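Enquirer: Could you have a look at this structure, given as structure tokens, before my questions?
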Amino acid sequence: MNIVTKPRILIQNGRLVDPAQKLDRVTNLLIEDGKIAAYGATPNGQDVVLDATDKIVSPGLIDLHVELREPGWEEDETIATGTAAALAGGFTSIACIPNTDPPIDTQAGVEFVQHQAERARTCNVYVLACVSKNRNGEELSEIGMLVEAGAIGFTDAELPIHNPELLRRALQYCVMFDKPILNHPEVLELTHDGIMHEGLLSMILGLNGLPTEAEDMMTARDLRLAEATGGRLHLMNISSAESVEMIRRAKTRGVTVTAEVSPHNFSLTDESLRSFNSNCKVNPPLRDQRCIEACVAGLQDGTLDVIASSHAPRAPEKKMQELDQAPFGISALETALALVISELIEPGHLDWNSALEKLTINPARVLGLAKGTLEIGADADVTVIDPHHQWTVTRSSFRSKSCNTPYLGRSLRGRADTVLVGGEVRFQVS
Amino acid sequence: MSFELDEIDVIPESWTRSHLLDLESLSTEEITTILDTAGRFKEATHGCKQKIDALSDHTVANLFFENSTRTRNSFSLAARRLGADTIEFSSSGSSLSKGETFIDTAKNIEAMNVDVVVVRHATPGTPHLLAQNIECSVISAGDGPHEHPTQGLLDILTIREHRGNLAGLTVALVGDIAHSRTARSNIWGLRKLGAHVIVCGPSTLVSRRWEELGVEVAYNLDDILPRCDVLNLLRIQFERQYTRPFPSVREYALLYAMNGDRMQRAKDDILIMAPGPINRGVEVTPDVADGPHSVILDQVTNGLAVRMAVLWLVAGARER
């Protein structure tokens with residue numbers, strides 16, 4: 001058997017920020033055999049040398065909430081295009097949610113996604129499988145067998161786990177596998193036909209509202225069930241000020257809960273819907289300034305652990321419909337990092353260490369992955385970030401098959417410059 | 001028989017809009033321009049009874065994605081009174097049911113060399129999306145519960161005809177404010193012209209948030225009635241409600257129906273309006289609807305005048 005050795009790679013002169021080790025210093029990073037080998041090394045003749053002067057060298061970014069749409073919705077995205085978008089966005093690992101057709105609720109489904117991801121040879125893909133069979137919210141899926149196939153967590157994606165008994169069982173059952181349950185909190189009776197955040201503007205525009213209490217009531221329920229069962233609960237898509245506060249209090253009590261927020265929920269308000277742009281239709285909706293401030297405060301004090309893109313690509317012909325017919329969702333993988341830099345780091349809300357924590361080690365911990373750090377010996381998943389590059393979001397910026405973004409035309413700062421997965425350069429800006 | 005009109009053969013310099021999508025974005029001057037133009041058309045056509053040669057060689061398409069009889073007929077007749085050709089396009093369901101997006105539908109109609117598209121749709125913002133995607137002028141004939149600008153304008157024109165001036169008048173909009181596009185267009189138009197607006201109805205259908213826009217919120221009709229110069233009685237939009245916002249129609253009528261008893265306590269010169277279609281016995285009893293204070297049929301005539309004015313203004317602005 002031939003042993004093919006990968007070339008040594010030296011990332012030179014970058015500012016290495018590794019929140020897992022509380023490390024922040026300018027140094028050289030040596031990668032050997034797909035692993036982080038040493039800091040401060042000097043180049044020898046055979047090394048591939050990547051200059052990272054004035055750049056941030058971060059553990060590869062991890063996104064735990066991505067829709068890849070395949071199988072079933074290939075007009076929106078495929079595993080190949082979605083993972084290419086992830087790489088270009090700086091993500092070396094993503095977890096995909098099972099709102100596919102069929103939904104990922106069998107071993108074969110999990111293996112199909114893994115197989116397609118291997119073929120694409122882009123970033124690492126981890127599968128979040130269905131909590132309930134066929135995502136119908138009635139019966140637990142075969143969680144043990146899905147774990148066996150490689151599922152790393154369970155969620156019914158954008159469908160909230162409506163039945164509290166099912167969630168209680170799922171949390172209890174997953175304790176023995178040590179896997180998280182990810183739930184999108186929304187009481188559907190309160191959001192029927194909703195299109196945008198319920199507030200003054202929804203009243204003026206005559207659009208049905210998605211009130212914050214719909215999110216808050218299920219957040220409250222879920223926190224109580226996590227507390228009662230000791231299961232690992234992850235709350236997806238937190239957007240409301242009251243939910244942030246409830247999670248904060250639950251964490252103080254020691255409840256094992258983690259929570260995420262998406263870049264659009266800390267950077268845009270419902271005012272974006274003024275133009276009736278369906279690319280601003282997302283669930284949870286773009287809320288008000290008060291909610292944005294609460295989400296930022298939640299990120300600052302650690303109440304919100306994770307920044308997740310909530311990437312939901314939708315084909316243009318679906319979005320080019322009347323606002324009530326157009327589906328929810330934003331294609332977000334390729335703007336997430338720039339929004340963190342432009343909206344959180346540059347204004348001084350978060351420093352690099354705490355921002356990258358929410359994109360690396362924290363999502364790794366939620367998913368139970370031995371990733372998200374640049375410790376010696378760790379997998380060499382590395383994202384080199386150019387924090388200064390100013391760019392404008394256009395349709396051609398996207399590798400994703402869908403460019404349903406509210407940021408078209410917006411000027412953002414920062415991008416992934418070079419992305420390494422397992423010690424290989426998989427993406428580099430031209 | 002066709003009339004030439006000297007004083008309205010060119011649109012006013014100040015009018016630049018090639019679309020009419022809502023009243024919220026219009027200035028007071030723009031609203032006044034439409035009302036004045038409507039008044040002149042009405043006069044020149046002897047109450048909208050005769051034709052005027054203002055939009056010959058033009059084509060107006062009525063694109064109705066939601067049921068409508070009076071608004072559609074009113075727009076058609078207004079277009080024909082101006083000498084324009086009309087195309088009628090109606091679709092009960094969404095365009096999606098035919099596998100075509102509404103923008104595709106509109107582009108197809110535009111390809112027939114249409115100058116103005118009049119659109120009615122159940123979804124707020126659809127006229128705005130259309131205006132962004134096609135070249136011709138777009139007039140909203142109502143977009144879900146959002147706005148119904150020509151209805152707002154014809155209501156205001158009717159009040160102006162009877163009272164001369166809107167400033168200082170107290171106008172109450174009574175009923176299903178939450179789902180009423182007529183209410184929204186009235187609120188913006190009336191406020192811009194200086195009227196005091198009260199929204200009155202069950203608390204499930206009248207949000208306190210209207211106060212943030214300078215509108216008075218009331219739940220008790222009898223309390224506000226003696227102060228009102230105009231009552232505009234809005235229809236309960238059962239079709240837009242997911243859950244029933246009040247226990248029974250009987251209870252609603254008891255609390256909000258304008259009836260003979262309540263007329264006793266109203267001002268002597270109160271105007272009773274309703275955008276129609278009216279549910280007799282629910283919002284208004286027949287004696288009031290057909291009584292001396294009712295201007296409901298004036299509203300219908302003024303609808304023609306306003307729509308003639310709007311068609312002419314937006315088409316003119318587009319050509320200029």
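Enquirer: Using Cβ counts within 10 Å as a stand-in for footprinting exposure, how do A:111, A:77 rank, fewest first?
Expert: Fewest-to-most Cβ neighbours within 10 Å comes out as A:111, A:77.
Enquirer: Over 30 Å between C-alpha atoms is what I'm after, so list which of A:281/A:358; A:133/A:281; A:319/B:192 land there.
Expert: A:319/B:192
Enquirer: Also, I was wondering about something else. To test your reading of the geometry: what angle, between 0 and 90 degrees and rounded to tens, separates the Cα axis of helix A:241-252 from the longest principal axis of chain A?
Expert: Approximately 70 degrees, to the nearest ten.
Enquirer: Give the peptides A:128-137, B:146-155, A:24-33 in descending order of average Cβ contacts within 10 Å, highest first.
Expert: The most tightly packed comes first, giving B:146-155, A:128-137, A:24-33.
Enquirer: Under the definition of partner shielding as Cβ atoms of other protein chains within 10 Å of a residue Cβ, what is the mean value for peptide B:118-124?
Expert: If you average over the peptide's residues, the count of other-chain Cβ atoms is 4.
Enquirer: Okay, next question. For helix A:164-175, what angle does its Cα long axis make with the longest principal axis of chain A, in degrees from 0 to 90 and rounded to 10?
Expert: 20
Enquirer: Quick check: the distance between the Cα centres of region B:228-287 and region A:362-430, to the nearest angstrom?
Expert: Answer, in whole Å: 59.
Enquirer: Could you give me D for region A:60-367, from Stokes-Einstein at 20 °C and 1.002 mPa s, where the hydrodynamic radius is the Kirkwood radius over C-alpha pairs? Units µm² s⁻¹, please.
Expert: The estimated diffusion coefficient comes to 112 µm²/s.
Enquirer: Are there any helices in chain B, counted as whole DSSP H runs, that stretch 30 Å or more along their axis by Cα and score at least 0.5 on average by Kyte-Doolittle, and if so which?
Expert: B:296-319
Enquirer: Using Cβ counts within 10 Å as a stand-in for footprinting exposure, how do B:252, A:39, A:173 rank, fewest first?
Expert: The order, fewest Cβ neighbours first, is A:39, A:173, B:252.
Enquirer: Also: May I ask for the Kirkwood hydrodynamic radius of region B:214-311, worked out over all distinct Cα pairs and given in angstroms to one decimal?
Expert: 14.8
Enquirer: A follow-up question, please. With the Cα gyration tensor of region B:149-298 in hand, convert its eigenvalues to equivalent ellipsoid semi-axes via √(5λ) and list them largest first in whole Å.
Expert: 21, 18, 14
Enquirer: Let me ask something additional. Separation between the residue B:290 and residue B:255 pseudo-spin-labels, each 7 Å from Cα along Cα→Cβ, expressed in nm?
Expert: 2.9
Enquirer: Per the Kirkwood definition applied to all pairs of different Cα atoms, how many angstroms is the hydrodynamic radius of region A:231-273?
Expert: Radius from the Kirkwood sum: 11.5 Å.
Enquirer: Same structure, new question: Per-residue Cβ counts within 10 Å, from other chains only, averaged over B:129-141: what number is that?
Expert: 1
Enquirer: Next question. Which of B:300, B:288 has the fewest other C-beta atoms within 10 Å, and how do the rest follow up to the most?
Expert: By the 10 Å Cβ count, ascending, the order reads B:300, B:288.
Enquirer: Ok, one more. Just how far, in whole angstrom, is region A:48-89 from region A:313-348 if you go by their alpha carbon centroids?
Expert: 15
Enquirer: Let me ask something additional. Region A:180-242 to region B:118-171: how many Å between their Cα centroids?
Expert: Answer, in whole Å: 34.
Enquirer: Within region A:329-373, whose backbone N sits under 11 Å from a point 7 Å along Cα→Cβ of residue A:23?
Expert: Of the residues in region A:329-373, A:373 have backbone N under 11 Å from the label point off residue A:23.
Enquirer: Can I ask one more? Quick one: Karplus J couplings for region B:115-125, per residue in order, coefficients 6.51, -1.76, 1.60, θ = phi - 60°, nearest Hz, x for Gly and Pro?
Expert: With the stated coefficients, region B:115-125 comes to 8, 10, 10, 9, 10, 10, 8, 6, 9, x, x Hz.
Enquirer: Still on this structure: Of A:35/A:371; A:371/A:401; A:318/B:107, which ones are farther than 19 Å apart at the Cα?
Expert: A:371/A:401
Enquirer: Taking the 0 to 90 degree range and rounding to the nearest ten, how far is the long axis of helix A:79-88 tilted relative to the main principal axis of chain A, both from C-alpha atoms?
Expert: Helix A:79-88 sits roughly 60 degrees off the main axis of chain A.
Enquirer: Oh, and also: What list of ³J(HN,Hα) couplings, whole Hz, do you get for region B:45-51 from phi and the Karplus terms 6.51, -1.76, 1.60, once you set θ to phi - 60° and write x for glycine and proline?
Expert: Karplus-based 3J(HN,Hα) across region B:45-51 equals 10, 6, x, 6, 8, 10, 8 Hz.
Enquirer: Calculate the spin-label point distance for residue A:411 paired with residue B:319, positioning each point 7 Å from the Cα along the beta-carbon direction, and give it in nanometres.
Expert: If labels sit at residue B:319 and residue A:411, their model points lie 4.2 nm apart.
Enquirer: Could you tell me which of rounded, prolate or oblate describes region B:1-90, using a ≥ b ≥ c as the square roots of the eigenvalues of the alpha-carbon gyration tensor, with rounded for a/c under 1.5 and, failing that, prolate when a/b is larger than b/c and oblate otherwise?
Expert: Note, shape of region B:1-90 comes out oblate.
Enquirer: Another question, then. Over the residues of the protein assembly as shown, compute the C-alpha Rg and express it relative to 2.2 N^0.38 Å.
Expert: Taking N as the residue count of the protein assembly as shown, the ratio is 1.11.
Enquirer: Averaged over B:173-181, how many beta carbons belonging to a partner chain fall within 10 Å of each residue's beta carbon?
Expert: 1
Enquirer: For the protein assembly as shown, what is the percent of antiparallel DSSP beta bridges, rounded to the nearest 5?
Expert: Counting DSSP beta bridges with both partners in the protein assembly as shown, the antiparallel share is about 30 percent.
Enquirer: Please sort A:117-125, A:331-339, A:401-409 by packing, taking for each peptide the average over its residues of neighbouring beta carbons within 10 angstrom, highest first.
Expert: By packing density, highest mean first, the sequence is A:331-339, A:401-409, A:117-125.
Where a number appears in this text, it was derived from the coordinates with a stated rule and is not lab data. Treat the numbers as computed from the prediction; the structure is a model and nothing was measured. We place every Cβ from the backbone using ideal geometry, glycine too, and count neighbours over all the protein chains shown.
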